[in-house]
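Working notes, structure below.
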Amino acid sequence: MKNVTSKYLLVGLLLVVVVAAVLLWPREAGLTFTAGTYEASAMGFNADIRVEVVVDRTAIKSIRVVEHRESPLIADVALLRIPAAVVAGQTVAVDAVAGATVTSRGLLTAITDALTKAGGNLALLQTRPAAGPPPQGQLTERRADVVVIGGGGAGLAAAVEAHQNGATVIVLEKMPRIGGNTIISGGAFNAVEERRQKAQGIEDSVERHFTQTYEGGDRRGNPELIRILVENAAGAVKWLEELGMKFQERVFTVPGGMWARAIRPEMPLGTGFIDTLGAYIEREEGIEVLLETTATELILEGGRVVGVKTTTAAGPLTVRANNAVIIATGGFGANVEMRDKVNTVWPTLTSIKTTNHPGATGDGIRMAEVVGARVVGLEQIQLLPLGDPRSGSLAGSIGRSVDTTIYVNKEGQRFVNEGARRDVMTMALMQQRDAILWEVVDRDSYPTGDTRNNFDETIDTLVTQGRAFRADSLEELARLIGVNPANLVQTVAEFNAAVDRKGGDAFGRTLFGDKIDTAPFYAASRAPTVHHTMGGIEINARAEVINQNGQPIAGLFAAGEVTGGIHGSNRLGGNALPDTIVFGRIAGRNAAAARR
Ligand code: FAD
C-alpha cells in the first residue's frame, strides 16, 4: 500500500511538474531576453527612426525613441502611443496609428529589431494577445445643441463660437488628434490690418484684398462670401487674440498671396490656432471633442438634419443635435481617387503627392451630397510648386517671403514670376525638365544658422540633413545642386538688376525685396504638390448648406475647406486660414441660434 501511495505521489508530482512546464514553457522560452539596453533603427516617413529598448530577463521594460525626423505634428501620436502599447502588451502586434501608418510601421520594425537583438523570440513577440472582454457600458447615443464634424481650424472655431453663444457642443474628430490641415499649415493669415502693415510702410485696403481674391480666382468665387471673408479677417485675428493667441508683428507675402498682408502666429506652424481653440474647449464646461470618432452619415428627419452617425473603436455611436450640425471636415487633397474623378484642370494628378494630412479625404462632401447638398467647383484643385520632391510636404521649403526668393530650373534659369498665382507657377514648373525647381535665397533670408523657415526648421538643420544646400558663392552653390554655374550667376545678376529697377524682369515680377548678393547662398529643390481643394459644399452668407433647389437645408451648416465657391479657381496664399475662422464663427453662431 505504501509503495502504491508513493508511486501515485511520484506520478502526481511529475504531472504537476509537466503541467507547470507546459504552462510556463512558451513564455519562458519566447519572452526571455538577455537583460540590457538595445538600439535599432528603421526607415520612417522622412528618415530613419532610432529606438532604444530596455529589457530584463523576462519583460520589455521601456522603449525610447532616440532620434527621428518625422513630421512632429503628424507623427507625434504614433511616436508616443506605439512604444507604450508594445510595453503594455509585451507584443509588437499592435495597431498602426491612423494618419501615421508609415511612421508606425518604421517604428515597429525598429522596435522588433532591437528586441530580436535582445534574444526575443520573434514568433512570440508577433503574437497578438487574446482580445479582452468587450467594453461595458459603452454609450450608443450622445446629444448636444450643436454637433461639429471635424476638429480642424473651422470646426474648432465653430465649436467655440457656438459655445460662446450659449450652446452645448460636441466635436467629432476621426483622427487620434485634433488639428487637421490647420495644425500643419504654415500659419500665414491674410488680414488687412492698418497697424501692422503701416508700420512696415505697406499700403493696403479691404477693397484691394477683395479684388485680388475675386480676380485671383478668375471671378468664379461668390462675391458676397468673398466680401464677408475680407471684411472679417481682421476681426478674426482680434477674436483669436482675445482667446489668448499671439501673432507676430512682421507682415509678409506668402507664395501666391499676391500682397504683403499675411501675419504668422508666434507658435510654430498652425499649432497656435489649435492650441488656443483647444485650450478653450478644455477649460470650459459643455463643450468637448470625441477623438477617433468618424462621422459616416447625417441623420435627416422631416427634411432637417438632426444628428450624425459615427463609428468608434468601441462600436457605433449616434450623436444627436438639438439645434444643428456643422460640417467642417476639410478638403480632399489626400483622396487620390476623388481627385482623379473630378479633375478636369490638370494633365494628371494621380502620381502627384500632397501637402495634406491623411484625413483630408472629402468625407463631409460625400455626406452632404447624400442629404441633397449642392456642391460647387470640385474640379478646382490647387497645386503648389513647392512640395518636397519625395513626400509632397511643404517642410524643407526655404523661401521665407516671396520678395527675397527666386526659383530656378535645372538649367539654373528663372522661368516664372515667383509672385504669380499658384496655378500659373505650378503649370510653368510642369514645363521644366523633371518638373523640379530650386529655391535660391541668400543670407538676408537666413541671417544666422538658427533662423527658421516657414515650417519651423532651422537652416542649419536642413543643410545638415541634406535637404538644403549652402555655399559661399553662387558658382559653388550651382555645383552642389548640379546646375550650370554660369547660368545661375547670370540669372541672379539679371534678377538683382530688376531689384534695383523695382521691375522690368522677363516675367513681370512686381514683388521685390533685397538683392540675392550676400553669402552664404542657399538652395532647396521643390516639385508640384496637391495643396488645397477649392471646391466643395455650397453655402450662403449664414454658412447654411444649400440644396439642389438653392434653399438652405434645415439644421445643416458648413465651414472651411469643405465648402466651395469662395476661392473660385485659385485660392490666394494666406486666405484659407481666415476662411476657416471667419466662416467657422459664422456657422457656430448661427447653429447655436438654430433652435428647432
Ligand atoms: P482641417 O484643418 O483639415 O480640419 C478638418 C478635420 O476634419 C480634420 O481634423 C479631419 O481629420 C476631420 N475629419 C475629416 N473627415 C472626418 C469625419 N468623417 N469624421 C470626423 N472628422 C473628420 N492656408 C493659409 O491660409 N495659410 C497657410 O500658411 C497655409 N499653409 C498650409 C500648409 C499646409 C501644409 C497645408 C496642408 C495647408 C495650408 N493652408 C494654408 C491651407 C489651410 O491650412 C487649410 O485650408 C485649412 O487649415 C483647412 O481647415 P479646415 O478646418 O477646413 O480643415
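The values are calculated or read from the model by the stated rules, or taken from the named source; none is laboratory data. What you see is a predicted model, and the numbers here were worked out from it, not measured in a lab. Every residue, glycine as well, gets a Cβ built from its backbone with ideal geometry; the counts of neighbours run over all protein chains shown. When the accessible area is computed, the model is the full protein with side chains, heavy atoms only, and any ligands, DNA or RNA have been set aside. Shrake-Rupley method; radii C 1.70, N 1.55, O 1.52, S 1.80 Å.
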Checklist line | Conditions (1) surrounded by fewer than 22 Cβ atoms within 10 Å (Cβ to Cβ); (2) outside the structural domain of H567 (by TED's automatic domain parsing); (3) of a type outside the set (F, W, Y); (4) under 26 Å from the mean Cα position of the chain (by Cα): number failed by T213 | finding: (1)
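For (1) under 15 Å from A157 (Cα atoms); (2) of a type in the set (A, V, I, L, M), each residue gets a yes or a no:
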| position | (1), (2) |
| --- | --- |
| V169 | yes, yes |
| L172 | yes, yes |
| S185 | no, no |
| A188 | no, yes |
| H209 | no, no |
| Q212 | no, no |
| D218 | no, no |
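Could you check segment 428-444 and list, in sequence order, the residues that are more than 25 Å from the chain's Cα centre (by Cα) and in contact (Cβ under 8 Å) with a residue 24 or more places away in the chain?
A428, R433, D434, V440, V441, D442, R443, D444
When you check G186 against the structure, is it within 13 Å of the ligand (Cβ to nearest atom), open to solvent by 10 Å² or more (accessible area, probe 1.4 Å), under 23 Å from the mean Cα position of the chain (by Cα) and under 30 Å from G151 (Cβ atoms), yes or no?
On the way: within 13 Å of the ligand (Cβ to nearest atom): yes; open to solvent by 10 Å² or more (accessible area, probe 1.4 Å): yes; under 23 Å from the mean Cα position of the chain (by Cα): yes; under 30 Å from G151 (Cβ atoms): yes.
Yes, satisfied.
Can you tell me which residue within segment 302-317, out of those that are in a strand (DSSP E or B) and away from the ligand (no atom under 13 Å from the Cβ), is surrounded by the most Cβ atoms within 10 Å (Cβ to Cβ)? Don't jump to the end; show me each part of the working.
Step one: of segment 302-317, the residues in a strand (DSSP E or B) are 304-312, 315-317.
Now narrow it down to the ones that are away from the ligand (no atom under 13 Å from the Cβ): 304-307, 315-316.
Details: R304: 17, V305: 25, V306: 20, G307: 22, G315: 12, P316: 12.
In this case the residue turns out to be V305.
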Item checked: Sole exception among (1) touching a strand residue (DSSP E or B) at 6+ places or on another chain (Cβ under 8 Å); (2) on the phi < 0 side of the Ramachandran plot; (3) open to solvent by 20 Å² or more (accessible area, probe 1.4 Å) for P358, by number -> (1)
Next item on the list: Output the residues belonging to segment 360-400 that are within 20 Å of A154 (Cα to Cα) and either in contact with a helix residue (DSSP H, G or I) (Cβ under 7 Å, 6 or more places away or on another chain) or among the hydroxyl-bearing types (S, T, Y) (or both).
Entry: A360, T361, G362, G364, I365, V375, L378, I381, Q382
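For (1) open to solvent by 10 Å² or more (accessible area, probe 1.4 Å); (2) within 15 Å of the ligand (Cβ to nearest atom); (3) in a loop (DSSP other than H, G, I, E, B); (4) touching a Leu at 6+ places or on another chain (Cβ under 9 Å), each residue gets a yes or a no:
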{"residue": "Y522", "(1), (2), (3), (4)": "no, no, no, yes"}
{"residue": "R526", "(1), (2), (3), (4)": "no, yes, no, yes"}
{"residue": "H532", "(1), (2), (3), (4)": "no, yes, no, yes"}
{"residue": "A541", "(1), (2), (3), (4)": "yes, no, yes, yes"}
{"residue": "N549", "(1), (2), (3), (4)": "yes, no, yes, no"}
{"residue": "I553", "(1), (2), (3), (4)": "yes, no, no, yes"}
{"residue": "E561", "(1), (2), (3), (4)": "yes, yes, no, no"}
{"residue": "L572", "(1), (2), (3), (4)": "no, yes, yes, no"}
{"residue": "D579", "(1), (2), (3), (4)": "no, yes, no, yes"}
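Could you tell me whether D505 is touching a helix residue (DSSP H, G or I) at 6+ places or on another chain (Cβ under 8 Å) and in the same structural domain as R452 (by TED's automatic domain parsing)?
On the way: touching a helix residue (DSSP H, G or I) at 6+ places or on another chain (Cβ under 8 Å): yes; in the same structural domain as R452 (by TED's automatic domain parsing): yes.
Considered against the rule, which asks whether it is touching a helix residue (DSSP H, G or I) at 6+ places or on another chain (Cβ under 8 Å) and in the same structural domain as R452 (by TED's automatic domain parsing), D505 comes out as yes.
Which members of segment 257-268 meet the condition of being closer than 18 Å to V206 by Cα and either open to solvent by less than 10 Å² (accessible area, probe 1.4 Å) or not in a loop (DSSP other than H, G, I, E, B) (or both)? Can you show your working first?
Step one: filter segment 257-268 for residues closer than 18 Å to V206 by Cα, giving 257-263.
G257, R261, A262, I263 - these are the residues of segment 257-268 that are closer than 18 Å to V206 by Cα and either open to solvent by less than 10 Å² (accessible area, probe 1.4 Å) or not in a loop (DSSP other than H, G, I, E, B) (or both).
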Item checked: Filtered residue count, segment 322-351, keeping only those that are open to solvent by less than 60 Å² (accessible area, probe 1.4 Å), closer than 24 Å to A395 by Cβ and either modelled with pLDDT under 95 or more than 17 Å from the chain's Cα centre (by Cα) (or both) -> 3
Note to self: So A279 passes all but one of these: (1) at pLDDT below 95; (2) more than 26 Å from P528 (Cα to Cα); (3) open to solvent by less than 60 Å² (accessible area, probe 1.4 Å). Which condition number does it fail?
What the structure shows: (1)
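Kindly evaluate D388 against the criterion of being touching a residue at least 60 places away in the same chain (Cβ under 8 Å), within 11 Å of the ligand (Cβ to nearest atom) and open to solvent by 30 Å² or more (accessible area, probe 1.4 Å). Give the steps one after another, and end with the answer.
On the way: touching a residue at least 60 places away in the same chain (Cβ under 8 Å): yes; within 11 Å of the ligand (Cβ to nearest atom): yes; open to solvent by 30 Å² or more (accessible area, probe 1.4 Å): yes.
In short, yes.
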Check: Which one of V370, V376, V408, V402 is among the aliphatic types (A, V, I, L, M) and surrounded by fewer than 19 Cβ atoms within 10 Å (Cβ to Cβ)?
Finding: V370
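Given the criteria among the charged types (D, E, K, R) and either modelled with pLDDT under 90 or loosely packed, with under 12 Cβ neighbours inside 10 Å (or both), does E141 qualify? Give the derivation first.
On the way: among the charged types (D, E, K, R): yes; either modelled with pLDDT under 90 or loosely packed, with under 12 Cβ neighbours inside 10 Å (or both): yes.
Yes.
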Check: touching a residue at least 40 places away in the same chain (Cβ under 8 Å), within 15 Å of the ligand (Cβ to nearest atom) and on the phi > 0 side of the Ramachandran plot: does that describe G166?
Finding: no
